[in-house]
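What follows is a short report on a single structure.
The values are calculated or read from the model by the stated rules, or taken from the named source; none is laboratory data. Predicted model, so just to flag it, every value in this text is computed and none were measured. Because the Cβ atoms are built from the backbone with ideal geometry, glycine has one as well, and the counts that use them run over all protein chains shown.
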């Protein structure tokens, strides 16, 4: 292997060898279209589940859930995932404030069982909603 001088020039950091040929012409060609990749994986999972379960409905449901799961695994959309996570947590906190289930004492439960009460702070849920809006803003800035 012979030695060559390597020059890195410009804002796009084009790497050239000693004879002036470019090593990497376009780095965007190596990017994966994540939507297409998740759709392809979901299609394969859907067809496989239709084959094994012999049911179109079950196959479509499994395919849709696998598409959503793979689509959210996109490493470039980390703020988007965290935004949806904070929306889910804040909506569960809101629902725990307004919906409560109370089971009176009976022969199977010693004492009164209560699920959901007004002990949870609505301020925390509102703060999480603002945090999710900020995360969606960061996601839109990262895409551009």
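Summary table below
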read-out: Residue list for the range 81-99, restricted to those being within 16 Å of residue 69 (Cα to Cα) and modelled with pLDDT of 85 or more; value: 82, 83, 84, 85, 88
read-out: Residue 28 part of a helix (DSSP H, G or I), at pLDDT below 85 and within 27 Å of residue 127 (Cβ to Cβ); value: no
read-out: Among (1) assigned by TED's automatic domain parsing to the domain that holds residue 128; (2) surrounded by fewer than 16 Cβ atoms within 10 Å (Cβ to Cβ); (3) touching a residue at least 24 places away in the same chain (Cβ under 8 Å) - the single one residue 95 does not satisfy; value: (3)
read-out: Among the candidates 76, 143, 112, residue that is exposed (fewer than 12 other Cβ atoms within 10 Å of the Cβ), under 30 Å from residue 44 (Cα atoms) and either touching a helix residue (DSSP H, G or I) at 6+ places or on another chain (Cβ under 8 Å) or at pLDDT below 75 (or both); value: 143
read-out: Residue list for the range 31-64, restricted to those being exposed (fewer than 13 other Cβ atoms within 10 Å of the Cβ) and at pLDDT 80 or above; value: 33, 35, 36, 44, 47, 51, 52, 53, 54, 55, 56, 57
